[in-house]
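Down below is the structure, laid out as C-alpha coordinates.
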Amino acid sequence: MDKRKSYILTLAFLLAFSTVALSVLRETKLDAYISVFTIDYFIASAVFRPRRRTIDFVGIALFIAFTYIVALKVMEILIK
Amino acid sequence: MKLIDFAEDISFWFGLTLGLFGAILAFFAYFIALSIPLTALGLACAILGLSIALTPSSPIPKLAVKAMLEGSCLNLEALLEEFNVEGKAVYMPPRDDRVFAFIPLSSNPTQVEFEEINKAPLRVLTSAGGKLGLIIFPPGSEIVRLAGIIEGLAIEEALNLTLIEFLEGADSVKAVAKEDKIIIEVLNPKVSSELPKVKHSLGSLIVSVAGCTLAKSLGKPIAFIEEVIEEGKVKAEFKVG
(Lines give C-alpha, C1' and ligand atoms only; values in the text may rest on other atoms or scores of the structure.)
Protein backbone atom coordinates (compact mmCIF):
# COMPACT_ATOMS: atom_id res chain seq x y z
CA MET A 1 0.00 0.00 0.00
CA ASP A 2 1.44 3.41 -0.88
CA LYS A 3 2.21 6.11 1.67
CA ARG A 4 -0.77 8.30 0.74
CA LYS A 5 -3.35 5.53 1.19
CA SER A 6 -1.79 4.47 4.49
CA TYR A 7 -1.90 8.08 5.69
CA ILE A 8 -5.55 8.61 4.75
CA LEU A 9 -6.67 5.27 6.22
CA THR A 10 -4.76 5.90 9.46
CA LEU A 11 -6.15 9.42 9.80
CA ALA A 12 -9.71 8.19 9.09
CA PHE A 13 -9.32 5.44 11.69
CA LEU A 14 -7.87 7.79 14.33
CA LEU A 15 -10.58 10.43 13.81
CA ALA A 16 -13.41 7.88 13.82
CA PHE A 17 -12.03 6.12 16.88
CA SER A 18 -11.58 9.41 18.78
CA THR A 19 -15.11 10.58 17.93
CA VAL A 20 -16.71 7.29 19.00
CA ALA A 21 -14.56 6.97 22.14
CA LEU A 22 -15.28 10.51 23.36
CA SER A 23 -18.99 10.16 22.53
CA VAL A 24 -19.18 6.89 24.48
CA LEU A 25 -17.50 8.65 27.40
CA ARG A 26 -20.29 11.29 27.15
CA GLU A 27 -17.85 14.14 26.50
CA THR A 28 -19.88 17.28 25.88
CA LYS A 29 -17.12 19.83 25.37
CA LEU A 30 -16.22 20.55 21.77
CA ASP A 31 -12.72 21.70 22.72
CA ALA A 32 -11.89 18.17 23.95
CA TYR A 33 -12.81 16.74 20.54
CA ILE A 34 -10.82 19.41 18.69
CA SER A 35 -7.75 18.84 20.88
CA VAL A 36 -7.84 15.08 20.25
CA PHE A 37 -8.39 15.61 16.50
CA THR A 38 -5.37 17.92 16.42
CA ILE A 39 -3.21 15.28 18.08
CA ASP A 40 -4.56 12.58 15.69
CA TYR A 41 -3.82 14.79 12.69
CA PHE A 42 -0.25 15.60 13.72
CA ILE A 43 0.52 11.98 14.67
CA ALA A 44 -0.64 10.72 11.25
CA SER A 45 1.24 13.54 9.47
CA ALA A 46 4.45 12.94 11.45
CA VAL A 47 4.42 9.19 10.82
CA PHE A 48 3.62 9.23 7.08
CA ARG A 49 4.86 12.72 6.09
CA PRO A 50 2.53 13.01 3.07
CA ARG A 51 3.23 15.42 0.23
CA ARG A 52 0.97 18.48 0.06
CA ARG A 53 -0.36 20.44 -2.89
CA THR A 54 -0.15 23.74 -1.01
CA ILE A 55 0.74 24.77 2.51
CA ASP A 56 -0.88 22.57 5.14
CA PHE A 57 -3.65 24.96 6.13
CA VAL A 58 -5.62 22.18 7.90
CA GLY A 59 -2.65 21.67 10.20
CA ILE A 60 -2.26 25.42 10.71
CA ALA A 61 -5.98 25.84 11.52
CA LEU A 62 -5.93 22.91 13.96
CA PHE A 63 -2.77 24.20 15.59
CA ILE A 64 -4.29 27.67 16.06
CA ALA A 65 -7.49 26.15 17.50
CA PHE A 66 -5.47 23.91 19.81
CA THR A 67 -3.33 26.84 21.00
CA TYR A 68 -6.46 28.90 21.64
CA ILE A 69 -8.06 26.08 23.68
CA VAL A 70 -4.89 25.56 25.72
CA ALA A 71 -4.54 29.32 26.30
CA LEU A 72 -8.12 29.49 27.58
CA LYS A 73 -7.48 26.59 29.95
CA VAL A 74 -4.29 28.22 31.25
CA MET A 75 -6.14 31.50 31.77
CA GLU A 76 -8.88 29.66 33.68
CA ILE A 77 -6.28 28.09 35.99
CA LEU A 78 -4.44 31.38 36.52
CA ILE A 79 -7.62 33.35 37.28
CA LYS A 80 -8.73 30.73 39.86
CA MET B 1 0.61 23.01 -9.17
CA LYS B 2 -2.00 24.86 -11.25
CA LEU B 3 -5.75 24.81 -10.62
CA ILE B 4 -6.27 22.71 -13.74
CA ASP B 5 -4.05 19.96 -12.27
CA PHE B 6 -6.20 20.00 -9.12
CA ALA B 7 -9.34 19.60 -11.20
CA GLU B 8 -7.99 16.56 -13.04
CA ASP B 9 -7.37 14.74 -9.79
CA ILE B 10 -10.60 12.99 -8.76
CA SER B 11 -9.40 12.62 -5.18
CA PHE B 12 -9.25 16.42 -4.90
CA TRP B 13 -12.97 16.69 -5.68
CA PHE B 14 -13.83 13.78 -3.42
CA GLY B 15 -11.89 15.36 -0.56
CA LEU B 16 -13.43 18.76 -1.15
CA THR B 17 -16.96 17.27 -1.19
CA LEU B 18 -16.32 15.35 2.03
CA GLY B 19 -14.84 18.48 3.61
CA LEU B 20 -17.85 20.57 2.61
CA PHE B 21 -20.27 17.91 3.81
CA GLY B 22 -18.42 17.77 7.14
CA ALA B 23 -18.49 21.56 7.53
CA ILE B 24 -22.25 21.74 6.81
CA LEU B 25 -22.94 18.82 9.17
CA ALA B 26 -20.89 20.48 11.93
CA PHE B 27 -22.70 23.80 11.42
CA PHE B 28 -26.20 22.30 11.63
CA ALA B 29 -25.31 19.94 14.46
CA TYR B 30 -23.88 22.78 16.54
CA PHE B 31 -26.46 25.52 15.90
CA ILE B 32 -29.65 23.55 15.17
CA ALA B 33 -29.41 19.99 16.50
CA LEU B 34 -27.30 21.20 19.47
CA SER B 35 -25.39 17.91 19.47
CA ILE B 36 -21.69 18.03 20.30
CA PRO B 37 -20.84 14.44 19.20
CA LEU B 38 -22.52 15.09 15.84
CA THR B 39 -20.64 18.40 15.54
CA ALA B 40 -17.42 16.51 16.26
CA LEU B 41 -18.31 13.96 13.58
CA GLY B 42 -18.80 16.81 11.11
CA LEU B 43 -15.44 18.33 12.06
CA ALA B 44 -13.75 14.93 11.69
CA CYS B 45 -15.25 14.58 8.19
CA ALA B 46 -14.09 18.11 7.31
CA ILE B 47 -10.52 17.43 8.52
CA LEU B 48 -10.36 14.10 6.66
CA GLY B 49 -11.87 15.56 3.47
CA LEU B 50 -9.53 18.54 3.38
CA SER B 51 -6.56 16.26 4.10
CA ILE B 52 -7.52 14.06 1.13
CA ALA B 53 -7.93 17.16 -1.06
CA LEU B 54 -4.54 18.50 0.04
CA THR B 55 -2.66 15.25 -0.57
CA PRO B 56 -1.96 14.66 -4.26
CA SER B 57 -2.60 11.10 -5.44
CA SER B 58 0.46 11.26 -7.64
CA PRO B 59 2.35 14.56 -8.03
CA ILE B 60 3.96 13.34 -11.23
CA PRO B 61 2.49 10.32 -13.03
CA LYS B 62 4.52 7.35 -11.79
CA LEU B 63 4.65 5.76 -15.24
CA ALA B 64 6.12 8.95 -16.69
CA VAL B 65 8.85 9.05 -14.05
CA LYS B 66 9.61 5.37 -14.61
CA ALA B 67 9.71 5.88 -18.38
CA MET B 68 12.06 8.87 -18.07
CA LEU B 69 14.41 7.04 -15.71
CA GLU B 70 14.50 3.95 -17.89
CA GLY B 71 14.94 6.11 -20.97
CA SER B 72 18.03 7.74 -19.48
CA CYS B 73 19.39 4.28 -18.70
CA LEU B 74 18.92 3.25 -22.34
CA ASN B 75 21.39 5.96 -23.38
CA LEU B 76 23.87 4.72 -20.80
CA GLU B 77 23.43 1.15 -22.01
CA ALA B 78 24.19 2.26 -25.56
CA LEU B 79 27.31 4.09 -24.38
CA LEU B 80 28.57 1.16 -22.32
CA GLU B 81 27.85 -1.19 -25.20
CA GLU B 82 29.73 1.04 -27.64
CA PHE B 83 32.88 1.11 -25.50
CA ASN B 84 32.44 -2.52 -24.46
CA VAL B 85 32.80 -1.54 -20.81
CA GLU B 86 33.47 -4.40 -18.40
CA GLY B 87 34.40 -2.57 -15.18
CA LYS B 88 32.28 -1.61 -12.21
CA ALA B 89 31.39 1.99 -11.40
CA VAL B 90 33.02 4.15 -8.79
CA TYR B 91 30.53 6.80 -7.62
CA MET B 92 32.48 9.97 -6.92
CA PRO B 93 31.52 12.80 -4.54
CA PRO B 94 30.12 15.87 -6.30
CA ARG B 95 32.16 18.03 -8.61
CA ASP B 96 30.12 21.05 -9.74
CA ASP B 97 27.36 19.91 -7.35
CA ARG B 98 26.72 16.64 -9.19
CA VAL B 99 27.78 13.12 -8.30
CA PHE B 100 29.44 11.34 -11.22
CA ALA B 101 30.56 7.80 -11.86
CA PHE B 102 33.85 6.54 -13.29
CA ILE B 103 33.62 3.19 -15.02
CA PRO B 104 36.94 1.59 -16.05
CA LEU B 105 36.82 0.09 -19.53
CA SER B 106 38.38 -3.22 -18.60
CA SER B 107 37.29 -5.41 -15.77
CA ASN B 108 39.70 -5.45 -12.89
CA PRO B 109 43.24 -5.38 -14.20
CA THR B 110 44.60 -3.14 -11.42
CA GLN B 111 42.70 -1.14 -8.86
CA VAL B 112 42.26 2.40 -10.10
CA GLU B 113 43.21 4.80 -7.36
CA PHE B 114 40.29 6.90 -6.23
CA GLU B 115 42.40 10.04 -5.98
CA GLU B 116 43.41 9.66 -9.62
CA ILE B 117 39.76 9.48 -10.61
CA ASN B 118 39.08 12.67 -8.69
CA LYS B 119 41.79 14.44 -10.67
CA ALA B 120 40.68 13.03 -14.02
CA PRO B 121 39.17 15.53 -16.47
CA LEU B 122 35.39 15.39 -16.72
CA ARG B 123 35.09 13.90 -20.20
CA VAL B 124 33.11 10.94 -21.45
CA LEU B 125 36.26 8.99 -22.24
CA THR B 126 38.94 9.83 -19.76
CA SER B 127 42.07 8.48 -18.18
CA ALA B 128 42.62 8.09 -14.47
CA GLY B 129 46.10 7.03 -13.44
CA GLY B 130 46.75 5.73 -16.92
CA LYS B 131 43.60 3.69 -16.88
CA LEU B 132 40.95 4.38 -19.47
CA GLY B 133 37.39 4.71 -18.37
CA LEU B 134 34.12 6.50 -18.88
CA ILE B 135 32.83 9.33 -16.78
CA ILE B 136 29.08 9.52 -16.72
CA PHE B 137 26.39 11.27 -14.74
CA PRO B 138 23.99 8.52 -13.67
CA PRO B 139 20.27 9.35 -13.26
CA GLY B 140 20.78 9.23 -9.51
CA SER B 141 23.11 12.23 -9.53
CA GLU B 142 20.24 14.63 -10.28
CA ILE B 143 17.90 12.82 -7.87
CA VAL B 144 20.44 13.22 -5.06
CA ARG B 145 20.86 16.91 -5.84
CA LEU B 146 17.12 17.60 -5.92
CA ALA B 147 16.45 15.55 -2.78
CA GLY B 148 18.72 17.96 -0.91
CA ILE B 149 21.19 15.40 0.41
CA ILE B 150 24.06 17.08 2.23
CA GLU B 151 27.48 15.78 3.17
CA GLY B 152 27.61 14.36 6.68
CA LEU B 153 24.07 12.99 6.70
CA ALA B 154 23.80 9.50 8.24
CA ILE B 155 23.80 6.91 5.46
CA GLU B 156 20.47 5.29 6.32
CA GLU B 157 18.79 8.67 6.67
CA ALA B 158 20.20 9.82 3.33
CA LEU B 159 19.08 6.60 1.61
CA ASN B 160 15.61 6.93 3.12
CA LEU B 161 15.38 10.51 1.91
CA THR B 162 16.27 9.73 -1.69
CA LEU B 163 14.90 6.22 -2.28
CA ILE B 164 11.78 6.26 -0.13
CA GLU B 165 10.68 9.85 0.39
CA PHE B 166 11.87 11.62 -2.75
CA LEU B 167 11.76 8.86 -5.37
CA GLU B 168 9.14 6.65 -3.65
CA GLY B 169 11.07 3.85 -5.32
CA ALA B 170 10.82 1.20 -2.59
CA ASP B 171 9.05 0.29 0.63
CA SER B 172 12.08 0.53 2.90
CA VAL B 173 15.86 0.54 2.89
CA LYS B 174 18.42 -0.67 5.40
CA ALA B 175 22.14 -0.01 5.41
CA VAL B 176 24.95 -1.62 7.34
CA ALA B 177 28.52 -0.31 7.35
CA LYS B 178 31.23 -2.91 7.97
CA GLU B 179 34.80 -1.62 7.94
CA ASP B 180 35.19 -0.14 4.47
CA LYS B 181 32.09 -1.85 3.06
CA ILE B 182 28.48 -0.78 3.01
CA ILE B 183 25.73 -3.29 2.43
CA ILE B 184 22.28 -2.03 1.61
CA GLU B 185 19.00 -3.91 1.41
CA VAL B 186 16.11 -2.36 -0.50
CA LEU B 187 12.67 -3.87 0.08
CA ASN B 188 10.15 -4.03 -2.79
CA PRO B 189 11.95 -1.78 -5.29
CA LYS B 190 9.43 -0.17 -7.65
CA VAL B 191 11.81 0.90 -10.39
CA SER B 192 13.93 -1.54 -12.31
CA SER B 193 15.80 -1.80 -15.57
CA GLU B 194 16.66 -4.92 -17.46
CA LEU B 195 19.69 -3.49 -19.21
CA PRO B 196 22.59 -5.93 -18.78
CA LYS B 197 25.53 -3.53 -19.20
CA VAL B 198 24.06 -0.88 -16.90
CA LYS B 199 23.16 -3.54 -14.35
CA HIS B 200 26.67 -5.00 -14.45
CA SER B 201 28.57 -1.72 -14.25
CA LEU B 202 26.31 0.61 -12.22
CA GLY B 203 23.86 -1.78 -10.60
CA SER B 204 20.11 -1.70 -11.11
CA LEU B 205 18.46 1.71 -11.11
CA ILE B 206 17.66 1.76 -7.39
CA VAL B 207 21.18 0.58 -6.49
CA SER B 208 22.71 3.23 -8.73
CA VAL B 209 20.69 5.94 -6.98
CA ALA B 210 21.83 4.47 -3.64
CA GLY B 211 25.46 4.63 -4.82
CA CYS B 212 25.08 8.31 -5.73
CA THR B 213 23.43 9.01 -2.36
CA LEU B 214 26.28 7.33 -0.46
CA ALA B 215 28.92 9.24 -2.44
CA LYS B 216 27.21 12.52 -1.65
CA SER B 217 26.42 11.89 2.03
CA LEU B 218 29.84 10.42 2.85
CA GLY B 219 31.78 12.75 0.56
CA LYS B 220 33.95 9.79 -0.47
CA PRO B 221 34.29 7.62 -3.56
CA ILE B 222 31.96 4.62 -3.44
CA ALA B 223 32.84 1.58 -5.54
CA PHE B 224 29.98 -0.64 -6.62
CA ILE B 225 30.91 -4.25 -5.95
CA GLU B 226 27.86 -6.41 -6.59
CA GLU B 227 24.14 -6.74 -6.22
CA VAL B 228 21.90 -9.70 -5.54
CA ILE B 229 18.26 -9.59 -6.54
CA GLU B 230 16.01 -11.78 -4.44
CA GLU B 231 12.24 -12.13 -4.16
CA GLY B 232 10.97 -8.64 -3.30
CA LYS B 233 14.36 -7.22 -2.34
CA VAL B 234 17.71 -6.10 -3.68
CA LYS B 235 20.95 -6.40 -1.75
CA ALA B 236 23.97 -4.44 -2.88
CA GLU B 237 27.51 -4.11 -1.66
CA PHE B 238 29.68 -1.01 -1.97
CA LYS B 239 33.26 -0.28 -0.99
CA VAL B 240 34.11 3.09 0.52
CA GLY B 241 37.24 4.64 -0.91
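The values are calculated or read from the model by the stated rules, or taken from the named source; none is laboratory data. Not measured: the values here are computed from a predicted model. Backbone-built Cβ (ideal geometry, glycine too); neighbour counts: all protein chains shown. Heads up: the accessible areas ignore ligands, DNA and RNA and are worked out on the full protein's heavy atoms, side chains in. Shrake-Rupley method; radii C 1.70, N 1.55, O 1.52, S 1.80 Å.
Points to keep in mind about this one:
- If only residues of the range B:15-42 that are among the polar types (S, T, N, Q) and within 24 Å of A:Tyr7 (Cα to Cα) are counted, the one that is nearest to the other protein chains (Cβ to nearest Cβ) is B:Thr39.
- For the range A:2-46, a residue qualifies if it is of a type in the set (Val, Ile, Thr), more than 25 Å from B:Phe166 (Cα to Cα) and part of a helix (DSSP H, G or I), and the qualifying residues are A:Thr19, A:Val20, A:Val24, A:Ile34, A:Val36, A:Thr38, A:Ile39.
- Residues of the range B:18-33 satisfying the condition of being open to solvent by 90 Å² or more (accessible area, probe 1.4 Å) and within 17 Å of A:Leu15 (Cβ to Cβ): B:Leu20, B:Phe21
- Just one of the numbered conditions (1) open to solvent by 90 Å² or more (accessible area, probe 1.4 Å); (2) at pLDDT below 95 is not true of A:Glu27: (1).
- Residue selected from the range B:54-104 under the condition touching a Leu at 6+ places or on another chain (Cβ under 9 Å) and in a loop (DSSP other than H, G, I, E, B), by the criterion modelled with the lowest pLDDT: B:Asp96
- Test: B:Ser51 is part of a helix (DSSP H, G or I) and either open to solvent by 50 Å² or more (accessible area, probe 1.4 Å) or within 14 Å of chain A (Cβ to nearest Cβ) (or both): yes
- Note on the range B:135-156: residues that are surrounded by fewer than 15 Cβ atoms within 10 Å (Cβ to Cβ) and under 17 Å from B:Lys220 (Cβ atoms) amount to 4.
- Any hit, the range A:36-43, residues being facing chain B (nearest Cβ under 8 Å) and either closer than 19 Å to B:Gly15 by Cα or of a type in the set (Val, Ile, Thr) (or both): yes
- Extreme residue, nearest to the other protein chains (Cβ to nearest Cβ), among residues of the range A:47-71 that are loosely packed, with under 11 Cβ neighbours inside 10 Å and either assigned to a helix (DSSP H, G or I) or touching a Pro at 6+ places or on another chain (Cβ under 7 Å) (or both): A:Ile60
- Scanning the range B:157-175 for residues that are open to solvent by 70 Å² or more (accessible area, probe 1.4 Å) and more than 17 Å from B:Gly219 (Cα to Cα) gives B:Phe166, B:Asp171, B:Lys174.
- Any hit, the range B:206-216, residues being closer than 15 Å to B:Gly140 by Cβ and without any contact (Cβ under 8 Å) to a residue 40 or more places away in the chain: yes
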